[in-house]
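The values are calculated or read from the model by the stated rules, or taken from the named source; none is laboratory data. Computed from a predicted structure; not experimentally measured. We place every Cβ from the backbone using ideal geometry, glycine too, and count neighbours over all the protein chains shown. Areas reflect the complete protein model, heavy atoms only, side chains present, ligands, DNA and RNA absent. Shrake-Rupley method; radii C 1.70, N 1.55, O 1.52, S 1.80 Å.
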Amino acid sequence: MTTAALLASRPALRPGILVGPALTRGPAVVHLLKDPATGVRLEVGPKEHFIIARLDGAHSLAEIGEQYAARFGARLGEPQWHQMLRLLGTRNLLAVPAGAVPGRPPAGPATAGPSAAGEQRPRRSGLLSGRTRMVADAPALMDRLHTATGFARRPAVVGGLLALAVAVLVAVAARLGELIDQTRELYHQPVTLAAAGCVLWVSLGLHELAHGLVARAYGLRVGEIGLRRVWGVMTYLYCEVEDVQFLGRRGQQVAVAAAGAVANLLFLVPFWPAWALLPDHAQALPFLGGLLLLGTAMALLNLVPLPPLDGYKALGYALGTLRLATESRTFLALAASTLRRPAVDAHAKLRRYPGRLRALYAGYGLCCVVLALAVLAAAGLLCRAVLPGGWDAWTPYLPAGAIAAAGLLRLLGLRLAARKAAATRPVPAPGGDAPARHTTAPHDDQRTSPQQREGDMTPQPRPAGTAIVLDGVSKHYGEVRALDGVSFSVAQGEFFGVLGPNGAGKTTLVEIVEGMRKADGGTVTVFGMSPWPRNTALLRRIGVQTQTSAFFTRLTAWEHLETVAALHGADRDAARHALELVGLGGKERSRVDDLSGGQRQRLALATALVHQPDLIFLDEPTAALDPEARRSLWAVLRELRGEGRTIVYTTHYLDEAEALCDRVAIIAGGKVVALDSPGALIRSMAAPARLLIPADRITVEQARALDGAERVLVEGGEVVIETRHANRVLVEAAALVDMDAIQTRTATLEDAYLRLTATPPPAAAEERPTAPTAAAGTEHRR
Amino acid sequence: MTTTTPATTPGTPAPGGKSTAKAVPGPYVTLTRAAFLASVRDRTTVFFTFAFPLVFLVVFGLLFRGQSVDGGLPYINYVAPGVLAWGVGNAALFGPAFALMHWRRDDILRLIWRTPTPLPTVLGSRLLVAIAVGLMQAVLFTAVALLPFFGLHLDGSWPLALPLLVLGVAAFLALGLVVGSLADTPEAVAAIANCVMVPMAFLSGAFYPADLLPGWIRTASWVLPLRYLDDGLTDVLAGRASAGSLALDCGGLVAFAVVFGLIAARIFRWSNRT
């Protein structure tokens, strides 16, 4: 569209979009924008706000541009307009896409931006900690309360209530001594103290409702009312008020924040006359006195300007700041860094803060320090009063000491962790045949990080060298020879299959290679090192998935994986990546005991892969998976191989070995009976092809008579002809049967495998009638 | 009041926030957390860990209510520390023994073996959890015993009980690791642990005043770790602990922790399959 058309358009914000007043965040001035439908919030600068505030559908962009130029002394060019409208369009903030303005048409709440996800993050709710929603429709309840309390919103009533609150404060201050004495008495009457606590708990509930009511009176929305539990010891009502900072006047914002404390004080009003009128030795005196003192203290403590108390919010609203505490800290850290050394950068950053803000942030920081000292002192006095005598000399310093000790411990811990991280970083490449692995710094690893890897589809060149060398390895358990002189080597980056019947020695072989068992004879070398005894440098580079999946008791899938990652010194991202890789992203919160067989298997695989090992042992990883999951796992395995990892793979699915493996070793009776690529193995077997013909079309005798037929069987209603001359038999059979009825099955790895593993040991040769059942005959040997 | 967290997206390039380096939790922390979560999520065990000593407290508190030993202390001053010592020791022995057996049987130890994490980290995290559980037990138990009904009075020197509790937990944890390494089934753990704990509780005077035991048993009971814990706690809570007796009790517990720890290290197995 032309510039003229663009400037003539009159876009408008969607009705209901909230635009907040100017606030300070750090050195900058920002305005908040919010879409109430999606909950998406946006922070924009004053210039953007200037434009957004004028997008009312009545003014054209040209007019707004004029005003902008007059205000800021600069004209907006076409690219800037496009950028602006695109920003609003993609956030779905414009009423109708004005003309051909680039941007998306409104698409409903589903297009919530990333920040919406932040607000709607799932809240963990357990028995001890969490939230329980108490009111199904909080806004409606607040509406009813709002109507019911209408009488109280007259200035006279509000003024009277505030006066009462002040009166309570004055009255408590006037007779503070008495009240303190009675509160002290209360500590020797635990039941009465508990009763006072219960009453104050109700007061806290009213405190929250007061926030809600005042907010509602100013037209804000109350999102949720419920109970919050903290570690099972504290349960309190809360009332979620949204968008306080969108209120036009700061006085209103402060009123919302301060309403709770006022409600606390008003709550005490009826108790005051009761307390004042009771005779001197009435039993209820300590209760009422304690209630008054503690209630007042609670209200005032809530007004202390430290996060997350109401006083902090009120201060923030009054000053028009966002995140006052954080920004103060940032500012003070910046100021401190300029003192330490002449840092030009820090000075420049510091200069961006206007004088008012400098004073504000510094003042708030100072105020925090003073408050913290006051809290420490109060805690010290409390300790002296509460803790048993005999320790008078040091009880006042107990809280300060505890905090200092905790700080020191943390510092030491961080130092130690840093030193440890530094120590484990470089793992020297042994023998120089493998690329160096860096366990904690993936960015300078030879492999790229998962994120970088995604776009890189070309398979990486195979690393040179061998991963595993076995030379004459043998192992026996008592009389049983589990392994009998096994020798082979696996190249780096190779996908190596180990096939064999149950009990053929596969597990023992894997355990010897990872160093869990010691070979009786022969040598094992993995990446140029000996795995026995437990070689931690090697273990970092090996990942093992076993059939008996071991998971940490009573943890969730995610917690388990996180734990394993930490045991390897990897971070949470590694755990997350592994979980996504095996397709368990949706099951992370399930307890490991509740997972299905297939899910357990996938979690076991993720466990083996979490530290990105160079050498991966997988023991029948697809055994409990459905066909679809199997195929998706194949893709994962191929990807791992593409990354140059070495994979040693045992399986009973020979189609799998055929599809995935570069080379296959077939083990039977503790010996390697064959070792080659799947294709070569099949060819070398010269295994016969099988022709299948429905049994009602041809008799066994007819089939036997065919030229070239070696063996004829009947299997499941089909006559099976085994032959090494499939073409000749086909032609012959076509004379008897319709060609379409004949199915041809060429030899697979399975045939080769069955032939090899069925080779009977001399002693038991006669007991084996047919090949397939013979495979089971070797099972007991181990 | 709760204001919703302002999850704001800067529309304009925001003033750059410092990106903090991600902290990797160490194996120690995560193992401790895993062990702690596993303990806490086993609701039945949690319940009995805390309720069992309280039941004993109620039973013996009722039996000996208001009585005191001639020339000694009120009964509650024997029963409460005794039952507390037994309860803490029991939990520190059974929990790790069961956990070790389970971890070995379910191949979790093999899983840990395959990581570069050293064995002391694995056992150390157990100690941390056991100490935390022991301290929680002690707090709950003491709070109940302090109720006017039981009438225990703490002497001002009670913080001295903390090192005793920590060392006691360490000693019984070491014993628990020995039991957990010996036994391969839950039944075996329970049988061995009970055979160890029940006679020890009676011979050490956990359930009645040790001052009333026959002299030779009192002398012989010094070969039992529970005796040191019981003796130390009784003295500290009654305020009659001297530096010498306290050092003796702590020393005894340290010695037991070291001896059992060495034995446990000797017979530790990563796997049931050899």
**Asked** What number goes with the only condition from (1) modelled with pLDDT of 90 or more; (2) in a loop (DSSP other than H, G, I, E, B) that B:Leu128 does not pass?
**Response** (2)
**Test result for A:Ala378, part of a helix (DSSP H, G or I), buried (at least 17 other Cβ atoms within 10 Å of the Cβ) and not acidic (Asp, Glu)** = no
**Request:** Residue by residue through segment A:16-71, note down the ones that are open to solvent by 40 Å² or more (accessible area, probe 1.4 Å), among the charged types (D, E, K, R) and not in a helix (DSSP H, G or I).
**Result:** A:Arg54, A:Asp56
**Message:** Could you go through segment A:586-594 and let me know if any residue there is open to solvent by less than 50 Å² (accessible area, probe 1.4 Å) and more than 14 Å from chain B (Cβ to nearest Cβ).
**Reply:** yes
**Request:** Spot the failing condition for A:Asp310; the list is (1) open to solvent by 30 Å² or more (accessible area, probe 1.4 Å); (2) within 22 Å of A:Ala374 (Cβ to Cβ); (3) among the charged types (D, E, K, R), and only one is missed.
**Result:** (1)
**Prompt:** Just checking, how many residues over segment A:245-257 are touching a residue at least 12 places away in the same chain (Cβ under 8 Å) and either among the polar types (S, T, N, Q) or surrounded by fewer than 24 Cβ atoms within 10 Å (Cβ to Cβ) (or both)?
**Reply:** 9
**Residue list for segment A:611-659, restricted to those being in contact with an Asp or Glu (Cβ under 7 Å, 6 or more places away or on another chain) and of a type in the set (Phe, Trp, Tyr)** = A:Phe617
**Item:** Filter pass, A:Arg602 being away from every other protein chain (no Cβ under 14 Å), under 15 Å from A:Ala659 (Cβ atoms) and either in contact with an Asp or Glu (Cβ under 9 Å, 6 or more places away or on another chain) or open to solvent by 10 Å² or more (accessible area, probe 1.4 Å) (or both)
**Value:** no
**Complete:** Within segment B:105-131, of all residues that are open to solvent by less than 20 Å² (accessible area, probe 1.4 Å) and more than 10 Å from chain A (Cβ to nearest Cβ), the one farthest from A:Ala608 (Cα to Cα) is B:Ala130
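Of these, B:Leu203, B:Leu175, B:Leu182, which one is touching a residue at least 60 places away in the same chain (Cβ under 8 Å) and surrounded by fewer than 19 Cβ atoms within 10 Å (Cβ to Cβ)?
On the way: B:Leu203 fails: touching a residue at least 60 places away in the same chain (Cβ under 8 Å); B:Leu175 fails: surrounded by fewer than 19 Cβ atoms within 10 Å (Cβ to Cβ).
Exactly one of B:Leu203, B:Leu175, B:Leu182 is touching a residue at least 60 places away in the same chain (Cβ under 8 Å) and surrounded by fewer than 19 Cβ atoms within 10 Å (Cβ to Cβ), namely B:Leu182.
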**Request:** Could you check B:Tyr75 against (1) within 13 Å of chain A (Cβ to nearest Cβ); (2) surrounded by fewer than 24 Cβ atoms within 10 Å (Cβ to Cβ); (3) in contact with a Ser or Thr (Cβ under 9 Å, 6 or more places away or on another chain) and say which number it fails?
**Result:** (1)
**Among (1) of a type outside the set (S, T, N, Q); (2) assigned to a loop (DSSP other than H, G, I, E, B); (3) at negative phi; (4) away from every other protein chain (no Cβ under 14 Å) - the single one A:His188 does not satisfy** = (4)
**Fill in**
Of the residues in segment B:155-189, those that are away from chain A (no Cβ under 14 Å) and out of contact with any helix residue (DSSP H, G or I) (no Cβ under 8 Å at 6 or more places or on another chain) come to B:Glu187
**Request:** For residues that are closer than 18 Å to A:Thr748 by Cα and of a type in the set (Val, Ile, Thr), tally how many sit in segment A:710-724.
**Result:** 3
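Taking segment B:132-154 on its own, how many of its residues are in a helix (DSSP H, G or I), more than 13 Å from chain A (Cβ to nearest Cβ) and out of contact with any Pro (no Cβ under 6 Å at 6 or more places or on another chain)?
Residues flagged as in a helix (DSSP H, G or I), more than 13 Å from chain A (Cβ to nearest Cβ) and out of contact with any Pro (no Cβ under 6 Å at 6 or more places or on another chain) within segment B:132-154 amount to 7.
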**Request:** Determine whether segment A:476-483 contains at least one residue that is without any contact (Cβ under 8 Å) to a residue 40 or more places away in the chain and not polar (S, T, N, Q).
**Result:** yes
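Residue by residue, here is whether (1) modelled with pLDDT under 85; (2) within 15 Å of A:Met142 (Cα to Cα) holds:
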| position | (1), (2) |
| --- | --- |
| A:Gly232 | yes, no |
| A:Thr235 | yes, no |
| A:Cys239 | yes, yes |
| A:Asp243 | yes, no |
| A:Ala255 | no, no |
| A:Gly260 | no, no |
| A:Pro273 | no, no |
| A:Ala276 | no, no |
| A:Ala284 | yes, no |
**Request:** All but one of (1) touching a helix residue (DSSP H, G or I) at 6+ places or on another chain (Cβ under 8 Å); (2) modelled with pLDDT of 90 or more hold for A:Leu381, so report the exception by its number.
**Result:** (2)
**Message:** Going through A:Val490, A:Val524 one at a time, which residue ends up being of a type in the set (A, V, I, L, M, F, W, C) and either closer than 26 Å to A:Asp655 by Cα or part of a loop (DSSP other than H, G, I, E, B) (or both)?
**Reply:** A:Val490
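Results for (1) of a type in the set (Asp, Glu); (2) surrounded by fewer than 15 Cβ atoms within 10 Å (Cβ to Cβ); (3) modelled with pLDDT under 85, shown as yes or no for each residue.
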| position | (1), (2), (3) |
| --- | --- |
| A:Arg133 | no, yes, yes |
| A:Ala140 | no, yes, yes |
| A:Ala148 | no, yes, no |
| A:Gly160 | no, yes, no |
| A:Ala163 | no, yes, no |
| A:Tyr187 | no, yes, yes |
| A:Val199 | no, no, no |
| A:Gly205 | no, no, no |
**Prompt:** What do you reckon, is B:Gly61 out of contact with any Pro (no Cβ under 7 Å at 6 or more places or on another chain), of a type outside the set (S, T, N, Q) and buried (at least 24 other Cβ atoms within 10 Å of the Cβ)?
**Reply:** no
**Item:** Pairs with Cβ under 7 Å, 6+ apart, first in segment A:70-91 and of a type in the set (Val, Ile, Thr), second open to solvent by less than 60 Å² (accessible area, probe 1.4 Å)
**Value:** A:Thr90/A:Gly103
**Prompt:** Does segment A:223-231 contain any residue that is in contact (Cβ under 8 Å) with a residue 60 or more places away in the chain and assigned to a loop (DSSP other than H, G, I, E, B)?
**Reply:** yes
**Request:** Check every one of the helices (runs of 4 or more DSSP H) wholly within segment A:535-581 and list those with 2 or more residues that are at pLDDT 90 or above, facing another protein chain (nearest Cβ under 7 Å) and crowded, with 21+ Cβ neighbours inside 10 Å.
**Result:** A:557-567
**Selection within segment A:245-258 - part of a helix (DSSP H, G or I) and either farther than 14 Å from A:Ala210 by Cβ or more than 8 Å from chain B (Cβ to nearest Cβ) (or both)** = A:Gln245, A:Phe246, A:Arg250, A:Gly251, A:Gln252, A:Gln253, A:Val254, A:Ala255, A:Ala258
**Request:** Report yes if some residue within segment B:214-229 is small (Gly, Ala, Ser), at pLDDT below 85 and crowded, with 20+ Cβ neighbours inside 10 Å; otherwise report no.
**Result:** no
